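Asker: Right, I'll just put the structure down here and ask away after.
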Amino acid sequence: MKNVKNMGKTFLTLLTGMLLGAALFSGGVAHAAEIFYKAVPSTNTVYLDGQRVELAAFAIDGSNYVKLRDVGELMGFNVYWDGAVQIDSDASYTGVAPDNGTEMQSPAPVVTETVSAPPAPTLPETSSGQPYTISTDHWSRTDFSQQANPAVFTGVYDRDLYNTIRQTIMDGNSDTPAYTMVAKGDEYSAVKNLLGRLEGVLRYEHYVPQNLANYYEYLDYFAVSAAMPENYKAPYEFIRPVIEQANRLGSDREKVVYLNDYLCTLLAYKNGKTAGVTSTFSTHSGELEAACGSYARAFKFLCGAAGIPCFTISTNDHTWNMVYVDGQWLHVDVSANDLYRQQYILLTNTVQGRIDRAPEQTAFLKELLVPGSTK
């Protein structure tokens, strides 16, 4: 289990103290507690970085208990069950185990070529300001959704969510961020998963600005922050010479191939193994064993540093990447490249039989990163 200290956030504080019960992760023990002990909702107040937050807590036998997954969701680290409770401070919260892939499929079709890529994104700066209030359920400084393919707006992936995230991608953090409302439940989980797929060098997270004075009136308020986590700074410095070398190449296509080959020198495919960004991009002897999810997250980190739009895409048992190169979205499967020594890279179509488990989310992500790219 990984240490979740020094994550750049003040840990949650209950006014009377709180016992974090990892056993309550699944909720099953909470049910048992109601049978053998008297369990009642806790009335204590919870704060995160001085800001009051909503967190379900239960008073049981004189102690306060919360679900560890709820803490992970609030603080931006992943908590999931994989034979035991697992904490991954390198990953945003999804509540599910990373895709570690099992069998690789047969080779995919050959790539086709087209034209130029968008400019590289810049790292946003944070800011703070005077208190402000809101009186409507969504706002953005402009309607960015007019630039996007309207076909991607479906269900929770609507124009208001698009404007909320796109403004943060464009502007970074702001005193008056774009926002929408996302109700807790399945839709909230889907949006959190989307932000996790978007993460590269920067981590995108749901947050409530400290200068929002009337949050208590809009508890479904959903703004997005973008920042490099503290524990990503060392990996970023580690890869800086690699990125500098990549940027000397003539095209983004060459950069993607270069970064793919570089990552293959750091990792060795092993089903069921995990190597986080912080361990992958650090000094170590020999290649680290890792499955496809680790390859995909590391490659997304490299592409983010190089300014190449990139996100992860998954089936039920495999994860790889999509990159925007030569005016189109192309598939890159670094773990397959490493395992089979074949060119599963820059493909217009992935291997036959691989079915994206979240196609609507994938289309929305493409338009978030490169508006109009799916038209």
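Asker: Give the number of residues within segment 212-248 that are assigned to a loop (DSSP other than H, G, I, E, B) and surrounded by 15 or more Cβ atoms within 10 Å (Cβ to Cβ).
Answerer: Residues in segment 212-248 being assigned to a loop (DSSP other than H, G, I, E, B) and surrounded by 15 or more Cβ atoms within 10 Å (Cβ to Cβ): 3 in total.
Asker: Considering each of TYR344, TYR324 in turn, give the residue that is surrounded by 16 or more Cβ atoms within 10 Å (Cβ to Cβ), over 16 Å from the mean Cα position of the chain (by Cα), of a type outside the set (A, V, I, L, M) and modelled with pLDDT of 95 or more.
Answerer: Exactly one residue qualifies, and that residue is TYR324.
Asker: Let me ask something else about it. In segment 260-269, is there at least one residue being farther than 20 Å from ALA246 by Cβ, part of a loop (DSSP other than H, G, I, E, B) and more than 18 Å from the chain's Cα centre (by Cα)?
Answerer: So in segment 260-269, the residues farther than 20 Å from ALA246 by Cβ come out as 268-269.
Pick out the ones that are also part of a loop (DSSP other than H, G, I, E, B) and you get none.
Within segment 260-269, not a single residue is farther than 20 Å from ALA246 by Cβ, part of a loop (DSSP other than H, G, I, E, B) and more than 18 Å from the chain's Cα centre (by Cα).
Asker: Give me the residue from segment 117-163 that is among the aliphatic types (A, V, I, L, M) and at pLDDT 95 or above and, out of that set, nearest to ARG203 (Cα to Cα).
Answerer: LEU161
Asker: Taking interchain pairs and intrachain pairs at least six residues apart, which have beta carbon atoms under 6 angstrom, with the first residue in segment 136-157 and surrounded by fewer than 17 Cβ atoms within 10 Å (Cβ to Cβ) and the second at pLDDT below 95?
Answerer: Partner pairs satisfying both residue conditions: ASN149/LYS375.
Asker: Give me the residue from segment 201-211 that is part of a loop (DSSP other than H, G, I, E, B) and in contact with a helix residue (DSSP H, G or I) (Cβ under 6 Å, 6 or more places away or on another chain) and, out of that set, surrounded by the most Cβ atoms within 10 Å (Cβ to Cβ).
Answerer: Out of the qualifying residues, it is VAL201.
Asker: For segment 174-206, which positions are closer than 11 Å to VAL156 by Cβ and β-branched (Val, Ile, Thr)?
Answerer: THR180, VAL182, VAL191
Asker: Restricting attention to segment 251-280, and to residues there that are charged (D, E, K, R) and within 16 Å of TYR344 (Cβ to Cβ), which single residue is surrounded by the most Cβ atoms within 10 Å (Cβ to Cβ)?
Answerer: Across segment 251-280, the extreme among qualifying residues is ARG253.
Asker: Among residues belonging to segment 347-365 that are loosely packed, with under 14 Cβ neighbours inside 10 Å and of a type in the set (S, T, N, Q), point out the one that is modelled with the highest pLDDT.
Answerer: ASN349
The values are calculated or read from the model by the stated rules, or taken from the named source; none is laboratory data. Note that the structure is a prediction, hence the values are computed from the model and not measured. No Cβ is skipped: glycine too gets one built from the backbone with ideal geometry, and neighbour counts run over all protein chains shown.
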